[in-house]
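The values are calculated or read from the model by the stated rules, or taken from the named source; none is laboratory data. None of these values were measured; they are calculated from a predicted model. FYI the Cβ positions are ideal-geometry reconstructions off the backbone, even for glycines, and counts take in every protein chain you see.
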Amino acid sequence: MQTTRVEHLRDEQRDDEQQVQNELAPRFPIRWRWTMLVGFAVAVSNVVLFLIILDMERDAWLKSQAAQAEVQVDRLADELKIPMLAGSKAEIELAVQSFLKKVPSVMGVHLQYVNGEEQHFGQIEADDAMLHELPAHTRVNRLPAERMWYVKKVVYAGTTIGSVSVRFSEQAWQELAGELVTRISIAAVIVIILSGILVYWIAGRMSRPLEMLANAARHVAYGDYSVRLPVSGNDEISDAISQFNAMVGELAHKEELRDVFGRYLNPKLVSEVFDTGEVKVENRRQEVTVLFADMVQFTSFSESTDTEEVIEVLNKHFEVFHRVIDYYGGHVDKYIGDAVMAVFNHPNDDPDHARHAAKAGLAMTIACSKLGVLRSNGEPISFRVGLNRGEAIVGNIGAAERQEYTVIGDTVNVASRMGGLGEGGEVIMSEATFAQLGDGFEFRSIGIREIKGVSKPIKCGSVIAVSEEARRNIAHAVALAFDLTLPSDVRHIIGDI
């Protein structure tokens with residue numbers, strides 16, 4: 001059982017460390033992820049679409065340019081037939097210059113004669129080797145060069161005179177491409193911005209329930225089972241929220257059952273049943289301090305008082321006693337009619353259990369006086385408190401159908417007898433138990449007494465707190481026990497004593 005507890009604590013520590021790491025890690029909200037993802041997808045789509053459109057526009061422009069080039073080159077070739085045949089360079093130059101002026105898109109003209117002689121006008125950049133070869137066809141064709149060259153064989157009366165090559169400018173295409181880039185870029189930016197805003201809004205509406213769910217889960221992790229989330233819509237997120245609400249409801253119901261069973265059963269057993277689904281109890285001997293407190297003259301009080309009032313008086317005292325015992329780390333093992341039995345150092349380990357049990361007993365006597373409940377004859381109600389420290393048997397006692405996880409043995413019996421030795425409003429214990437209390441207490445002997453079930457007489461006495469520290473601590477415990485605004489488990493709030 002101890003090994004399981006250690007492993008459980010290690011798991012909790014790892015979970016806490018992982019949670020801290022998650023909280024310290026930079027957050028990247030889902031809405032921004034979706035916005036960036038969609039923005040990137042839209043940008044890529046625009047780039048691809050732009051390349052497709054640009055390619056289509058270039059193909060269309062080249063076809064248009066080819067049609068215009070065919071007309072222009074045909075006309076120039078017709079004008080140059082006679083001059084080239086006559087070898088009149090003056091007429092050739094005049095015709096070419098006139099052609100260059102009329103057609104601004106032409107950057108240069110290259111003439112090739114059958115005898116290998118060449119002439120060029122304008123910007124021809126004649127490093128293209130293909131310009132020096134006569135074309136094989138009489139139709140206008142584009143040279144497979146980087147620049148836009150269109151060539152035609154010049155033929156007169158079936159005789160090849162030479163060829164004319166015309167270079168056209170691509171400036172028109174560059175201007176058209178620049179305008180396309182500008183317009184498509186503007187459209188792409190607008191589309192990306194609008195789609196980003198739309199996706200951010202949609203992702204925000206989608207992530208808001210998830211953020212609410214995460215925040216609610218954080219509250220549940222801290223033990224707040226009152227969290228409920230509104231369910232709207234009919235999708236996976238609304239299903240998750242509905243299941244979350246159902247889960248929290250079950251956890252709240254389970255916690256209510258834990259609290260209810262914890263009032264009647266040992267809380268250690270209840271926790272094991274709810275946490276692991278099974279009970280792993282070790283029957284063993286353990287050093288404990290047992291406290292008994294029972295009402296003085298309960299029989300006469302119950303006979304002269306209405307039943308409801310008897311129950312109310314007992315519950316009022318037991319409520320305060322329970323808080324005092326819990327403050328000092330003890331456990332209320334059982335209520336026996338008008339008596340309460342508490343055990344220290346079980347199930348909660350406490351090396352100073354005898355000292356804490358003594359403080360609890362003294363605080364209970366002070367709390368009883370502070371309650372100030374009177375009998376019908378005007379006498380105050382008081383409780384006898386007895387303590388005993390020793391070894392006891394811890395285990396499951398009872399039949400298979402009904403068992404109780406408790407402590408038994410001579411230590412318990414002696415503690416019960418100790419309470420009967422007092423007159424009320426005092427804490428009785430053996431001298432051996434008093435020796436375990438430490439500083440701050442005084443032992444007032446009431447003599448050596450015969451204890452039923454014990455072979456040897458025991459020196460007994462009452463104990464009082466004499467140090468300022470002990471008195472102040474006891475008064476603090478009583479004050480907290482009467483503060484009903486605090487949880488019953490006040491010891492977890494103030495820390496170890």
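Just to be sure, is L85 crowded, with 19+ Cβ neighbours inside 10 Å, part of a helix (DSSP H, G or I), on the phi < 0 side of the Ramachandran plot and in contact (Cβ under 8 Å) with a residue 12 or more places away in the chain?
Criteria not met by L85.
For the range 265-284, state whether one or more residues are out of contact with any helix residue (DSSP H, G or I) (no Cβ under 7 Å at 6 or more places or on another chain) and at pLDDT 75 or above.
Yes, there is a match, as at least one residue in the range 265-284 is out of contact with any helix residue (DSSP H, G or I) (no Cβ under 7 Å at 6 or more places or on another chain) and at pLDDT 75 or above.
Name the residue that is nearest to V478 (Cα to Cα), counting only residues in the range 321-353 that are surrounded by fewer than 20 Cβ atoms within 10 Å (Cβ to Cβ) and hydrophobic (A, V, I, L, M, F, W, C).
V332
Please determine, by comparing only the residues of the range 88-105 that are buried (at least 16 other Cβ atoms within 10 Å of the Cβ) and assigned to a helix (DSSP H, G or I), which one is farthest from the chain's Cα centre (by Cα).
The selected residue is I92.
Please give the number of the condition E179 fails out of (1) assigned to a helix (DSSP H, G or I); (2) touching a Phe, Trp or Tyr at 6+ places or on another chain (Cβ under 7 Å); (3) without any contact (Cβ under 8 Å) to a residue 60 or more places away in the chain.
Only one criterion is unmet by E179, namely (2).
Give the residue that is nearest to V414 (Cα to Cα), with candidates limited to residues of the range 425-457 that are among the aliphatic types (A, V, I, L, M) and buried (at least 20 other Cβ atoms within 10 Å of the Cβ).
I451
I need a count of the residues in the range 185-213 that are surrounded by 14 or more Cβ atoms within 10 Å (Cβ to Cβ) and either over 60 Å from the mean Cα position of the chain (by Cα) or within 16 Å of G39 (Cα to Cα) (or both).
10
Please state which of the following conditions E319 fails to meet, knowing it meets all the rest: (1) of a type in the set (D, E); (2) at pLDDT 90 or above; (3) assigned to a strand (DSSP E or B).
Failing condition for E319: (3).
Name the single residue that is nearest to F434 (Cα to Cα) among those in the range 342-385 being of a type in the set (V, I, T) and in contact with a Leu (Cβ under 9 Å, 6 or more places away or on another chain).
Among them, the one singled out is V385.
Which count do you get for residues in the range 240-249 that are of a type outside the set (S, T, N, Q) and surrounded by fewer than 12 Cβ atoms within 10 Å (Cβ to Cβ)?
1
If the requirement is being in contact with a strand residue (DSSP E or B) (Cβ under 6 Å, 6 or more places away or on another chain) and of a type in the set (G, A, S), which of these qualifies: G116, G122, G87?
From the options G116, G122, G87, the qualifying one is G122.
Are there any pairs with C-beta distances below 8 angstrom linking a residue in the range 303-325 that is more than 17 Å from D483 (Cβ to Cβ) to a residue that is of a type outside the set (S, T, Y) and assigned to a loop (DSSP other than H, G, I, E, B), with the two at least 6 apart or on different chains, and if so which?
S304/R375; T305/R375; V313/V373; V313/I381; L314/D338
I'd like to verify a number: residues in the range 181-237 that are among the polar types (S, T, N, Q), over 16 Å from P29 (Cα atoms) and modelled with pLDDT of 80 or more, how many?
Qualifying residue count for the region: 4.
Which residues, counting only those in the range 216-239, are loosely packed, with under 12 Cβ neighbours inside 10 Å and assigned to a helix (DSSP H, G or I)?
Passing the criteria: A221, E236.
Only one of (1) at pLDDT 85 or above; (2) closer than 19 Å to Q68 by Cα; (3) crowded, with 16+ Cβ neighbours inside 10 Å fails for Y113. Which number is that?
Condition (2) is where Y113 drops out.
Among the residues of the range 123-157, write down those that are charged (D, E, K, R) and at pLDDT below 80.
Passing the criteria: E125, D127, D128, E133, E146.
Taking the stated definitions as given, is S169 among the hydroxyl-bearing types (S, T, Y), touching a residue at least 40 places away in the same chain (Cβ under 8 Å), over 30 Å from A77 (Cβ atoms) and surrounded by 12 or more Cβ atoms within 10 Å (Cβ to Cβ)?
It is false that S169 is among the hydroxyl-bearing types (S, T, Y), touching a residue at least 40 places away in the same chain (Cβ under 8 Å), over 30 Å from A77 (Cβ atoms) and surrounded by 12 or more Cβ atoms within 10 Å (Cβ to Cβ).
I'd like the residue in the range 361-382 that is under 23 Å from H476 (Cβ atoms) and among the polar types (S, T, N, Q) and, out of all such residues, is surrounded by the most Cβ atoms within 10 Å (Cβ to Cβ).
Restricting to residues being under 23 Å from H476 (Cβ atoms) and among the polar types (S, T, N, Q), the top hit is T365.
Please verify whether the range 281-288 includes one or more residues that are surrounded by 13 or more Cβ atoms within 10 Å (Cβ to Cβ), part of a strand (DSSP E or B) and in contact with a Lys or Arg (Cβ under 8 Å, 6 or more places away or on another chain).
Yes; the residues of the range 281-288 include at least one that is surrounded by 13 or more Cβ atoms within 10 Å (Cβ to Cβ), part of a strand (DSSP E or B) and in contact with a Lys or Arg (Cβ under 8 Å, 6 or more places away or on another chain).
Scan the range 323-369 for residues that are among the hydrophobic types (A, V, I, L, M, F, W, C), touching a Gly at 6+ places or on another chain (Cβ under 8 Å) and either closer than 21 Å to E423 by Cα or in a loop (DSSP other than H, G, I, E, B) (or both) and jot them down.
If the condition is that a residue be among the hydrophobic types (A, V, I, L, M, F, W, C), touching a Gly at 6+ places or on another chain (Cβ under 8 Å) and either closer than 21 Å to E423 by Cα or in a loop (DSSP other than H, G, I, E, B) (or both), then A339, A342, A357, A360, C368 are the ones that fit.
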